[in-house]
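Enquirer: Before anything else, here's the structure in question.
The values are calculated or read from the model by the stated rules, or taken from the named source; none is laboratory data. Predicted model only: the values in this text are computed from it and were never measured. Heads up, the Cβs are rebuilt from the backbone with ideal geometry, glycines too, and the neighbour counts pull from every protein chain shown.
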Amino acid sequence: MFKSIGKVHGIFEGKPFIFYLKDKISECGSLLDIGCGKDSPVKCFIERGYSVGLDIFKPSILKSKEAKIHDDYVLASINHLCFKPKSFQTVVLIDVLEHFTKGDGCRVINQMEGLATEKIVIFTPNGFLKQQEYEGNVQQVHLFGWTVRELENLGFSVSGINGMRFFRGEKAMYRINQQWYYWLANLSQELAYHYPMIAFQLLAVKRVPS
């Protein structure tokens, strides 16, 4: 029975998040990773070209430096991005937008558009997802949750990530710690990708004028 379930799962399971992200940001000549944290998934894309990691939390910058994820680093607030206009082909904001109020989030998006020559990429929960600070970083608290419609109204193309919303909770942890539950969550990814309103997280891409 379990072998049969495994075969079905292998045929229909959705692709992992990193696959979709790579499709959006690989092979770019230059990239700015805003709020890069200590272990940005950008590390998986060695063909991305020159990249800069920016974060306000110094311990995260130091750990990312040690891992050599980016070529250069900037310790600074996201509210004051210190770069010349159109400095990067791609600007990404991964698991960061939800840490701002809606007003501040809109300002950050506007700054991203001013820095990018090709596109901006955002990864964020679908709607509000409660999260408190951890690892001594108060910046980890979630303040706002963006919806598909709100992002589309700003000109983004949105896809659903990490399966259907009800399978996961805070920090994207599965609600039930069982193998069969992981299978169900993964099986829901393909549907969630095409119908982002039911997805746990959102991957949003916007082309910007050069």
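Enquirer: With the requirement that a residue be without any contact (Cβ under 8 Å) to a residue 40 or more places away in the chain, assigned to a helix (DSSP H, G or I) and surrounded by 14 or more Cβ atoms within 10 Å (Cβ to Cβ), what does region 49-61 give you?
Expert: Result: 61, single match.
Enquirer: Would you say residue 79 is at pLDDT 95 or above and more than 17 Å from the chain's Cα centre (by Cα)?
Expert: Answer is no for this residue.
Enquirer: Could you check, for region 129-137, whether at least one of its residues is more than 22 Å from residue 79 (Cα to Cα) and surrounded by 19 or more Cβ atoms within 10 Å (Cβ to Cβ)?
Expert: no
Enquirer: If I filter region 1-30 down to residues being outside any helix (DSSP H, G or I) and under 30 Å from residue 181 (Cα atoms), which single residue comes out as modelled with the highest pLDDT?
Expert: 16
Enquirer: Name the residues in region 42-55 that are touching a helix residue (DSSP H, G or I) at 6+ places or on another chain (Cβ under 6 Å) and within 21 Å of residue 99 (Cβ to Cβ), would you?
Expert: 53, 55
Enquirer: Report yes if residue 72 is within 18 Å of the chain's Cα centre (by Cα) and among the charged types (D, E, K, R), otherwise no.
Expert: no
Enquirer: Within the set of pairs 6+ apart or on separate chains, which have a first residue in region 31-43 that is assigned to a loop (DSSP other than H, G, I, E, B) and surrounded by fewer than 24 Cβ atoms within 10 Å (Cβ to Cβ), a second that is at pLDDT below 95 and of a type in the set (Phe, Trp, Tyr), and C-beta atoms under 8 Å apart?
Expert: 37/57
Enquirer: Out of all the residues in region 94-109, which are among the small types (Gly, Ala, Ser) and either in contact (Cβ under 8 Å) with a residue 12 or more places away in the chain or in a strand (DSSP E or B) (or both)?
Expert: The answer is 105, and nothing else.
Enquirer: Tally up the residues in region 154-170 that are among the β-branched types (Val, Ile, Thr) and either on the phi > 0 side of the Ramachandran plot or touching a residue at least 60 places away in the same chain (Cβ under 8 Å) (or both), please.
Expert: Of the residues in that region, 1 qualify.
Enquirer: Which residues, counting only those in region 183-200, are in a helix (DSSP H, G or I) and aliphatic (A, V, I, L, M)?
Expert: Residues satisfying the conditions are 184, 185, 187, 191, 192, 197, 198.
Enquirer: Turning to a different aspect of this structure: Report the residue count in region 171-210 for those that are touching a residue at least 12 places away in the same chain (Cβ under 8 Å) and closer than 30 Å to residue 113 by Cβ.
Expert: Number satisfying all stated conditions: 21.
Enquirer: Sticking with this one: Inspect all residues belonging to region 146-163 and state whether any of them is touching a Leu at 6+ places or on another chain (Cβ under 7 Å), part of a helix (DSSP H, G or I) and surrounded by fewer than 22 Cβ atoms within 10 Å (Cβ to Cβ).
Expert: Checked against the condition, which is being touching a Leu at 6+ places or on another chain (Cβ under 7 Å), part of a helix (DSSP H, G or I) and surrounded by fewer than 22 Cβ atoms within 10 Å (Cβ to Cβ), region 146-163 yields at least one hit.
Enquirer: Count, please, the residues in region 75-93 that happen to be buried (at least 18 other Cβ atoms within 10 Å of the Cβ) and not in a loop (DSSP other than H, G, I, E, B).
Expert: Final tally of qualifying residues: 6.
Listed here are the residues, each with its yes/no results for (1) within 14 Å of the chain's Cα centre (by Cα); (2) more than 20 Å from residue 111 (Cα to Cα).
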residue: 145; (1), (2): yes, no
residue: 154; (1), (2): no, no
residue: 167; (1), (2): no, yes
residue: 177; (1), (2): no, yes
residue: 180; (1), (2): no, yes
residue: 201; (1), (2): yes, yes
